[in-house]
1. Report the one residue of S140, I71, S51 whose Cα lies farthest in the direction of the positive end of the charge dipole of the chain (charges on C-beta: Lys and Arg +1, Asp and Glu -1; origin at the Cα centre).
2. Would you please name the GluC sites (Glu not before Pro) within region 50-121 that are DSSP coil residues with at most 11 other C-beta atoms within 10 Å of their C-beta?
3. With charges only on Cβ, +1 for K and R and -1 for D and E, what is the dipole size of the chain about its Cα centre, in debye, rounded to 20?
4. Considering the values [x] 10, 38, 40, 12, 0; [y] 10, 34, 31, 18, 6, 1; [z] 9, 33, 25, 16, 9, 4, 2, 0, which represents P(r) over Cα pairs in 10 Å bins from 0, in percent as calculated for the structure under consideration?
5. So if a site counts as exposed when it's one of the trypsin sites (Lys or Arg not before Pro), its DSSP state isn't H, G, I, E or B, and it has at most 11 other Cβ atoms within 10 Å, what's the longest stretch of the chain without one?
Amino acid sequence: MKNSISNSFAELQSCYDQLMSLCDVLQAIADFLPCHVEEGLCGRISSGLMSLLLTTHQLEEDLISSGLGLIMNAGEQAEAEERRRAGRLFDRAAAQVVVVILQALGEGRCRLSRETVGYQLRSFFCSMRRRITSEREIMSLIERAMEREQASRLPEEVSRMEKA
């Protein structure tokens with residue numbers, strides 16, 4: 001069980017790494033506006049962003065949500081889940097705006113000012129970076145709680161084996 005959770009956490013960490021890399025690219029785009037942004041780059045980001053984000057959100061719901069009970073009481077867990085749900089909704093909406101902007105930039109038809117484009121990109125990647133950092137901290141707490149729980153069961157398992 002622990003091994004399968006660890007593998008899934010590794011998959012979630014990989015999604016986070018990919019999102020952080022995308023944030024770095026979006027920051028570079030925002031920093032260097034109004035320069036031309038290569039159409040292929042815009043296309044690759046805009047075509048993969050939503051899929052990666054949805055995969056990440058599903059893994060968070062499957063793994064982190066199920067582990068919150070190890071580190072929080074029921075009231076804290078409900079509040080945390082509501083905040084996380086709102087965060088995921090914001091992520092999706094902001095990512096959709098980024099996709100539309102990147103498609104327009106790539107096609108050379110973006111009518112927004114460079115300040116507006118920069119603001120929209122920064123809004124997404126700053127929020128995403130903060131949320132990933134927070135989710136990683138929660139994951140770390142869950143993993144430590146799982147290790148403590150497993151270690152506390154070890155003496156019971158040894159005792160049962162000795163009696164058998």
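1. S51
2. Within region 50-121, the qualifying GluC sites (Glu not before Pro) (loop, at most 11 other Cβ atoms within 10 Å) are E107.
3. Dipole size: approximately 320 debye.
4. [z]
5. That would be 1-108.
No lab work stands behind these numbers, since they all come straight from the coordinates. In this text, all values refer to a predicted model and were calculated from it rather than measured experimentally. Because the Cβ atoms are built from the backbone with ideal geometry, glycine has one as well, and the counts that use them run over all protein chains shown.
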